[in-house]
1. Applying the selection to the range 278-299, what residues are surrounded by 16 or more Cβ atoms within 10 Å (Cβ to Cβ), over 20 Å from Pro317 (Cβ atoms) and out of contact with any Lys or Arg (no Cβ under 7 Å at 6 or more places or on another chain)?
2. Just need a number here: residues in the range 169-205 that are among the hydrophobic types (A, V, I, L, M, F, W, C), assigned to a loop (DSSP other than H, G, I, E, B) and either modelled with pLDDT of 95 or more or assigned by TED's automatic domain parsing to the domain that holds Leu391 (or both).
3. Quick one: which of Gly222, Gly284, Gly248 is modelled with pLDDT under 95, out of contact with any Leu (no Cβ under 8 Å at 6 or more places or on another chain) and within 30 Å of Gly26 (Cα to Cα)?
4. Based on what the data block shows, is Val272 in contact (Cβ under 8 Å) with a residue 12 or more places away in the chain, in a strand (DSSP E or B) and over 28 Å from the mean Cα position of the chain (by Cα)?
5. Asp392 fails exactly one of the following numbered conditions: (1) part of a strand (DSSP E or B); (2) acidic (Asp, Glu); (3) closer than 26 Å to Gly262 by Cβ. What is the number of that condition?
6. Of the residues in the range 215-269, how many are among the aromatic types (Phe, Trp, Tyr) and not in a strand (DSSP E or B)?
7. For Val374, all conditions in the list (1) surrounded by 14 or more Cβ atoms within 10 Å (Cβ to Cβ); (2) more than 21 Å from Thr286 (Cα to Cα) hold save one; what is the number of the exception?
Amino acid sequence: MPSCLRWGFVAFALAASAMPATAQPGPPEGFRALFDGKDLEGWWGLGTEDPREVFAVPPDELALRQARSQADIHQHWRVEDGVLVNDGEGLYLTTGEQFGDFELRLEYATVAGADSGVYLRGVPQVQIWDTTKAGGKWDIGADKGSGGLWNNSPGAPGKDPLELADKPFGEWNSLRVVMVGERVSVWLNGHHVVDHARLENYFDRALPIPRTGPIELQTHGGQIRWRNIFIREIPPDEANATLASHGGDGFERVFDGVDFNGWAGPTDEYEVSSGALRCKPGQGGTIYTEREYSDFAVRFQFRLPPGGNNGLAIRYPGEGDTAYVGMCELQVLDSEDPRYAKLDPRQYHGSVYGQVAAQRGYLRQPGEWNFQEVTVVGPRITVELNGTRILDADTSKVTEFMYEAEKFAGRHRTRGHFGFAGHNDPVEFKDVRIRDLGP
């Protein structure tokens, strides 16, 4: 699935004054403009609404809603000298396009008492507000500055910016946002104020945020001006490199990309190609690290062929079917292939096989490399796929199984090997690294 989706959109235009030559410079290399400095072509109006519900309607219904929002946009938004101006009221200006992984750059200028922000994939928000005591919001964090993910839970990483970097009223602030999966980094006026924090789903914190969604410019409480709004979509290889560059301390390489040194099991059923470990077509079985682990985190990249099927052996005893004799098998599967349309939800990618279902819709297209991190602490397993948490489960609390509970005899194991459970398909793995979290 591409990182940018275009929905049916009703075009519209607003009268705009001529743009000075210096008001809207060309976008930086690799970027494109979301606002051309002339009119609001490509934008519509939306409030604070769950994007999953907004975009679940048929395309013609969505197009009608976009068209109807223009009256409100005309009333509260205008273009002056190449700058977007909002009067502090009305619907939020929303892109007609949806974005996945991206880098967003823009500039804004605000006034005393204003409260604003940038919604990412339709989810609030990178906060913008009056940071002075006179603004009256120090009790909810305004004294800490703009740029934070204010709608995250209290105490969560990213909720408060790492430093106050706002410029005085009347001056232009520069905002840079990098979003990979649900991981967000923010720079305000060149200061790194949010570092790779998860953006929580304001509408349902038990769910990850959508894989794609619009950019919204939120305004209320006072005038805000916007200019130089540029975006760059981040390709998969860059996204994987970004994810690998954060939080990697303590991870040790367990596959050297050359041979199976340090691995046991039916290694002759696998091969090494271009630095990747690959199950041979029509073969399989579970290969595993010679070393055992209790609590651990593992990072790796994997690539699926169409319909590809494999699995992660968690606390594997060294023989038998890891789904039943190990703590579990975590599915590695091209879940969207039509042949798997009727599987039990606990069989799709990232799921604890037969026990706990993972969230779907975050895999890349077959043939593209995915980045995944799995953390196992006691009975708890979390899975983060391409920067989005798709599973967070305490397996000791599972009471309903795909088969009888006795079949999953190994689910209470506290120690074992890590491995790959091949199922006849040439699924590939590389950059496999483990951090031992045990005593």
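The values are calculated or read from the model by the stated rules, or taken from the named source; none is laboratory data. Since we're looking at a predicted model, the values are computed, not measured. Cβ sites come from the backbone with ideal geometry, for glycine too, and all protein chains shown count toward neighbours.
1. Residues satisfying the conditions are Arg278, Cys279, Gln283.
2. Counting residues in the range 169-205 that are among the hydrophobic types (A, V, I, L, M, F, W, C), assigned to a loop (DSSP other than H, G, I, E, B) and either modelled with pLDDT of 95 or more or assigned by TED's automatic domain parsing to the domain that holds Leu391 (or both) gives 3.
3. After applying the criteria, what remains is Gly222.
4. Criteria met by Val272.
5. Evaluating Asp392 over (1) part of a strand (DSSP E or B); (2) acidic (Asp, Glu); (3) closer than 26 Å to Gly262 by Cβ leaves (3) as the failure.
6. Within the range 215-269, residues that are among the aromatic types (Phe, Trp, Tyr) and not in a strand (DSSP E or B) number 3.
7. (2)
Residues are listed down the side, and each one gets a yes or a no for (1) over 29 Å from Asp237 (Cα atoms); (2) surrounded by fewer than 17 Cβ atoms within 10 Å (Cβ to Cβ); (3) without any contact (Cβ under 8 Å) to a residue 40 or more places away in the chain:
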position	(1), (2), (3)
Arg121	no, no, no
Trp138	yes, yes, yes
Lys144	yes, no, yes
Asn151	yes, no, no
Pro161	no, no, yes
Val180	no, no, no
Ala197	no, no, no
